[in-house]
Structures are given as C-alpha cells and as structure tokens.
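Each remark here refers to the structure printed beneath this line.
The values are calculated or read from the model by the stated rules, or taken from the named source; none is laboratory data. Because the structure is predicted, anything quoted here is derived from the model rather than measured. Cβ atoms come from the backbone with ideal geometry, glycine included; neighbour counts cover every protein chain shown. When the accessible area is computed, the model is the full protein with side chains, heavy atoms only, and any ligands, DNA or RNA have been set aside. Shrake-Rupley method; radii C 1.70, N 1.55, O 1.52, S 1.80 Å.
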Amino acid sequence: MRGILQTRSAADSKKLLRASAQVRHIERRLFLKQGLSLGALTLLTGCDVTDTSAVQGVLDGISRWNDRTQAAIFKLDRLMPTYPESQAVKDFRFNAYFGQNQIPKIDGDSYKLNLSGLVDSRKPWTLQDLYALPQQSQVTRHVCVEGWSMIGKWTGVPFRTFLERIGADLTAKYVGFECADGYYPSIDMASALHPQTLLTFKISDEILAPRYGYPLKLRIPTKLGFKNPKWITAMYVTNRFPGGFWEDRGYNWFAGV
C-alpha cells in the first residue's frame, strides 16, 4: 500500500534528521511527565536498569497496556467540551517539530489528496472537490503533549462523512496519513468515526494559513495534538498497524480519551 510502502523522499529525510535533537529533548520530557522514574521501574518490575533492552521492553509493554486501556474506554457518544466562539483564539499557536521557515508551501490549484488501502474509490480529491462536501464548525480545545492547550474554531467535513463517501471499510482497524512535511501519523477507526473528528479547511472562519496546515488538517479533539496531522497529502485505510512519526520514537500510540 502506498501509505505503508512508499519510500520517503530525500528532502523529507533531511527534515526529520534536522529535527532529531528536538525529538530526543521532547521524548525525555514526555518520559518524565509519564511519571515513571528508573527507581520506580526497578521497584515495579525488578529489572536491571543498566540493561537498556530490558528497560525498553518494560516501557514498550506499559505503552501497549496504555493503548489497550484507552481504546477500551473510548466511546463514540462521549463528546469533548465545546466553547463559545468568543473563547476561540484568533492567532492560534504554530505547532510542529520544525521552525516556521520550514513550513510546506502547497499549491492549492494543483493539490490532490491521494487515497489507498481498503477504500472502494481511490480517485484523488482536488481541493475544490473537498470544499464541495457538507461542512460544520466546532470550537474545541487543542491539548499538546508538551503541556499547553488552546481553544480554536475549526471548520470542515466530518471525517466519517468523507470515509463513507470514498467507500472506506469502516470495520478496518486504522487510518493512516502522509503529510507534506514528512510526518506520518495514524489513528484507530473508532476515533476516525467520532462525530467531532473533522477534515478541516478553515480556522476562525478563514482558509487555513500555511502554518496551520493548508490546505488540509485533521482535527481530533479526543486526542493529543500530535495525532492531528497537518498538510495532509495522502490517506489510507488498513488492518496492518501503521505506527507513526512520534509513536515510532516512544510516544503512546492511542494518545486519547
């Protein structure tokens, strides 16, 4: 499948390498936030903390347990809080693993969203095709793993509507994404079908600026910010676990409520 097998470009690889130092820094912060010190790890598991493979194995097991637990309690009918428009921040915070000088520049006139995997129709979607879909707005809180949050107004098509329109297999396990900056997240199908999950085209009633993910961003209020991809160029539906950019570096995969 394109989303799983496609070799990333040299330019994308360079971007990821430039971000490696920041990745390591954030991963250390995330580890501390999760509250599992080496001392606690020793007491809980009895493992030798000088054996890095044993420590990593325990951490991976805890992460998988977290994912299973979060998935088990996730409910499609449980909505995240919404807010009055007066609370929506107009100058929303830029959020990425790189600086603003590296924001992808995408030509909307030639843009196409490519589809693959377990879908009936793999016809690429132009931006005008996407804009013609029924849209709705929501004012919800974006929560970042680094500890900050911000309320914004987002407008787009319910992701479930889009998945139904392309004939996606809604019994499949995962939906994966490829982004113009080399980012590659994935989500579970239940979260994809949640009524508050939107393919967004606008923020604060204006077309997404490049720093917010123009032309297409997935907004998932039920998940942490790193599960909300921007600059989406491709999408696929699969039963094969896709992983993700941050998840492949130690973050919990489900990352939601």
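Measure up K90/K230; K153/K173; K112/K223; K173/K202; K90/K202 against 22 Å on the Cα-Cα distance and list the ones that go over. Before the final figure, lay out the partial values.
Values: K90/K230 18 Å; K153/K173 29 Å; K112/K223 26 Å; K173/K202 28 Å; K90/K202 12 Å.
Beyond 22 Å between Cα atoms: K153/K173; K112/K223; K173/K202.
Couplings for the range 224-230, taken from phi via the Karplus curve 6.51 cos²θ - 1.76 cosθ + 1.60 with θ = phi - 60°, read 5, x, 5, 8, 10, x, 10 Hz in order; Gly and Pro are left as x.
Per residue, what volume in Å³ does the convex hull of the Cα atoms of the range 113-175 enclose?
Values: hull volume 7.7 nm³, N = 63.
So the per-residue Cα hull volume is 123 Å³.
Modelled spin-label separation between R93 and C144, with each label point placed 7 Å from Cα along the Cα-to-Cβ direction: 0.4 nm.
Projecting label points 7 angstrom from Cα along Cα→Cβ for I207 and A132 puts them 1.7 nm apart.
Backbone amide hydrogens, once placed in the peptide plane, bring K153 within less than 5 Å of V89, S204, excluding anything fewer than 5 places away on its chain. The simple spin-label model puts a point 7 Å past each Cα toward its Cβ; for K75 and E164 those points are separated by 2.2 nm.
Solvent-accessible surface of the range 84-195, taken per residue with a 1.4 Å probe and all protein chains present: 44 Å². Relative to its residue count, the range 156-217 spans a Cα convex hull of 89 Å³ per residue.
D91 contributes an accessible area of around 110 Å² to the protein surface, as traced by a 1.4 Å probe with all chains present. Across the range 104-257, the volume of the C-alpha convex hull divided among the residues equals 104 Å³ per residue.
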